[in-house]
Amino acid sequence: MKYTIDKTIHRLLLAFAGTAMLIGITGAGAADKWQERVLLDPPQSQLDAESRGRIMIYDGMTDAQIEQAMDTHFERIESMMFVGTVRTDEQGEVVRDTQTGVVLVEDDGC
């Protein structure tokens, strides 16, 4: 039993590291585009997975993207979780701290 658990944990760590490397290689922009596509124009495979209970955690989406998803895909809300939501202004531009220039994100409450 211990071997199976260790092997499973090892595989999960490798998969996680591989994903992190892929994001590092392709740049965060590619990961952001992928998340946006899954959120706003999901392939049938994503919809099928959601119908079986899959929850997608979206990280770093803008509040404007989330609002668009709520307006156009509200029936999927139970399959969505958002963390690190980036704040935007009325024009849809990312809001930054005026002193540090750091992008402002919503408090996840965690």
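The numbers here are math on the coordinates, done by the rules we state, and not lab data. No experiment lies behind these values; they were computed from the predicted model shown. FYI the Cβ positions are ideal-geometry reconstructions off the backbone, even for glycines, and counts take in every protein chain you see.
Tally Lys and Arg at +1 and Asp and Glu at -1 over the other residues with C-beta under 14 Å from the C-beta of Leu47: what net charge comes out? Don't skip to the end; give the middle numbers.
Values: positive: Arg37, Arg52, Arg54, Arg76; negative: Asp41, Asp48, Glu50, Glu75, Glu78.
That sum, taken over residues with Cβ under 14 Å, equals -1.
Scalar couplings 3J(HN,Hα) for segment 31-45, obtained by applying the Karplus form with A = 6.51, B = -1.76, C = 1.60 to θ = phi - 60°, are 5, 5, 5, 4, 4, 4, 5, 5, 6, 9, 9, x, x, 4, 4 Hz; x denotes Gly and Pro. Between Asp89 and Met56, full extension at 0.36 nm per residue minus the direct alpha carbon distance yields a gain of 9.3 nm.
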